[in-house]
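Inspection log for the structure reproduced underneath, given as structure tokens.
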Amino acid sequence: MTPVKRGRRQSENLSRRNSSRRSRDSRVSIGEVAEAVTLFEVISIGKRAIQSVVDDWIEAYQEDRDAALLDLINFYIQCSGCQGVVTAELFQNPVNRNIMQKLTEEFDEETGLQFKKFMAYPWILTITWPVNLDNEDYPLIRPGIYWKKFRSNFCEFTAVLVQQCQYSVIYDGYLLNTVISLLLGLSDSCVRAFRHTSTLSAVKLLSALIRVILNLDINIDNSDRLFEVEKKRADLKRINPRLEQLDKKRKKLQQRRHEIEDMMDALFKGTFLQRYRDVVSEIRALCIEEIGVWMKMYPHMYLNDSYLKHVGWMLHDKVQEVRLKSVTALQGLYEKKDLVSKMELFTLRFKDRIISMTLDKDHEVSVQAMRLLVHMLRNCEDLFTTEDCETLYQFVYASYRPLAAAAGEFLYIRHLDPMTGTIPGQKNENSEHKIRQLKKVLDFFLESKLHDHVTYLVDSLWDCSPGFLKDWQCMTSILLQDDAEKRVDLSAIQENLLVELMLASVRQAVEGHPPVGRGAAKKILSAREKKVQQEDRTRITEHFADTLPLMLEKVTYKFINAHQIKITAYCQ
């Protein structure tokens, strides 16, 4: 191949010719309508253009891969917000290994320009840009819906590119090797815009490669099966062309798998391990978010302590966004019971840290930490001690409702022993179970001595157990039981508390908003919520029209009667 030296302008001209079909139909509006002639402009249009532009780019690559790759390189530079110039020259002296020591990022005092020179084999790339490139203003961090969509399209572009290439040029030893070299070179830049953009693209590229290797695993498994079947049927004394063909296919798939694994390893070591502790919190956060995706997609490789420890360390990050991404990454793992068995050592090591995060100064982190603990409670046997649970139960009285509701779910699963289903013909057993649940709620409230009003406990349990708290028939049956046939023995204090609980659940069902001090003003209900609310009010009216007079007649305590009378305010 002859030496090549092309600048950005030449690359864009080639791009304009190669993408003439998409230019006729693609339009981008940034102040005014203009023809989309570069990858950057086409990606800015929206997801509908991505599939066609990737197909066009692959076609251009197959015709002239150097020109197409320069177009792609300029795309990454433009996505970093850099309006500088990119030049590329072929590396012609592979014997000179000292070249890597000379490639650097420096400031040229004579021209006032910053430049970065690095290897994207087989090219040496030089990016030149004004020294005042704004680190606080580049596409990935710009505010607004437009730039949020741009980020999504940028990530989608990488996924679609790999998907469309997975059966062809991805294995040519040129395309992805060059792209990976480019991204690793940019991710090591002192310029935040380059580092952020290339790191995001690199981790998304790794995610896309995982999808490729998962497809390869399926094809390899199918090929192995076919080979074994054919091998059993084959006559070993004769040459079997089909057997040879199947064996050749198996080896080819295995070779491709090794190639993809090498690419994944290069991206992980060259990008993730270098950037997950970057000084910029947004870069740390995206690294932790994506490793959670890798562990969930490909647990065979990534779900082990060698990778999990990185997420665990970031639970201690000083920036709430990074801590939040760490917790949500773990949620995706602990919600799957089949993955939890591979995390035993990690669980024991970081359980106390996760529990302490329920006290995080950031509300969202504390809520997600509590929800993570709920997943751990569901899928990790005998994990929490009595002391752990008593610490977490206290949050049912938290003033921040999402945290209280998450703690309520933890309490409901751990302490109230919910039934997973009702067995036909065992109605009495289900009724007895609900009575035991009510007794446990009363005992918990009285023994905890953390609050004076059961209304807040009802609100915390409402989202995870509305059916249980709406069983007013069960509540009134306990209050109306005869002394000779008592199924549950309640003291006067417990009877009063049960009436308070019943009143609180009636109010919650009818009004549909949390008690004072927990949550904003009345929320606007959806049509479905309004329908449920009306149905509950009808049930309340019909039920208490018959039972309220009986309760007033049976119970003579004035404070109980006062609560019972208040129920009438919620009837139709």
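Side notes on the structure shown:
- Scanning the stretch 40-76 for residues that are under 16 Å from Leu182 (Cβ atoms) and free of Cβ contacts under 8 Å to residues at least 60 places away in the same chain turns up Phe40, Ala68, Phe75.
- Any hit, the stretch 312-326, residues being surrounded by fewer than 20 Cβ atoms within 10 Å (Cβ to Cβ) and either modelled with pLDDT under 95 or of a type in the set (Ser, Thr, Tyr) (or both): no
- Taking the criterion of being buried (at least 16 other Cβ atoms within 10 Å of the Cβ), of a type in the set (A, V, I, L, M, F, W, C) and in contact (Cβ under 8 Å) with a residue 60 or more places away in the chain, the residues of the stretch 488-508 that qualify are Leu498, Val499, Leu501, Met502, Leu503, Val506.
- So Leu411, is it over 22 Å from Lys325 (Cα atoms), crowded, with 22+ Cβ neighbours inside 10 Å and of a type outside the set (Gly, Ala, Ser): yes
- Residue in the stretch 327-346 that is surrounded by the fewest Cβ atoms within 10 Å (Cβ to Cβ), counting only those that are hydroxyl-bearing (Ser, Thr, Tyr) and farther than 21 Å from Tyr276 by Cα: Ser341
- Within the option set Asp262, Asp247, being surrounded by fewer than 18 Cβ atoms within 10 Å (Cβ to Cβ) and within 27 Å of Thr158 (Cβ to Cβ) holds for one residue only, Asp262.
- Residues of the stretch 340-354 classified as under 19 Å from Pro299 (Cα atoms) and of a type in the set (D, E, K, R), total: 2
- Helices (runs of 4 or more DSSP H) fully within the stretch 334-416 that include at least 3 residues being at pLDDT 95 or above, of a type outside the set (A, V, I, L, M) and within 19 Å of Asn304 (Cβ to Cβ): 344-356.
- Restricting the stretch 549-572 to residues that are farther than 22 Å from Gly512 by Cβ and modelled with pLDDT of 65 or more, the residue that is surrounded by the fewest Cβ atoms within 10 Å (Cβ to Cβ) is Glu553.
- Residue check, Val293 of a type in the set (Val, Ile, Thr) and surrounded by 16 or more Cβ atoms within 10 Å (Cβ to Cβ): yes
- Any hit, the stretch 432-445, residues being modelled with pLDDT of 85 or more and assigned to a loop (DSSP other than H, G, I, E, B): no
- Residue pairs whose Cβ atoms lie under 7 Å apart, separated by 6 or more positions or on different chains, with the first residue in the stretch 292-316 and closer than 14 Å to Thr347 by Cα and the second polar (S, T, N, Q) and in a helix (DSSP H, G or I), are Val311/Ser326; Leu315/Ser326.
The rows are residues; the columns are (1) under 30 Å from Val203 (Cα atoms); (2) touching a residue at least 12 places away in the same chain (Cβ under 8 Å).
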| position | (1), (2) |
| --- | --- |
| Asp224 | no, yes |
| Pro241 | no, no |
| Glu244 | no, no |
| Arg257 | yes, yes |
| Ile260 | yes, yes |
| Asp265 | yes, no |
| Lys269 | yes, no |
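- Once the stretch 181-205 is narrowed to residues that are over 25 Å from the mean Cα position of the chain (by Cα) and of a type in the set (A, V, I, L, M), the residue that is surrounded by the fewest Cβ atoms within 10 Å (Cβ to Cβ) is Val191.
The values are calculated or read from the model by the stated rules, or taken from the named source; none is laboratory data. Note that the coordinates shown come from a computational prediction; the quantities given were computed from them, not determined experimentally. All Cβ positions, glycine included, derive from the backbone under ideal geometry; neighbour counts span all protein chains shown.
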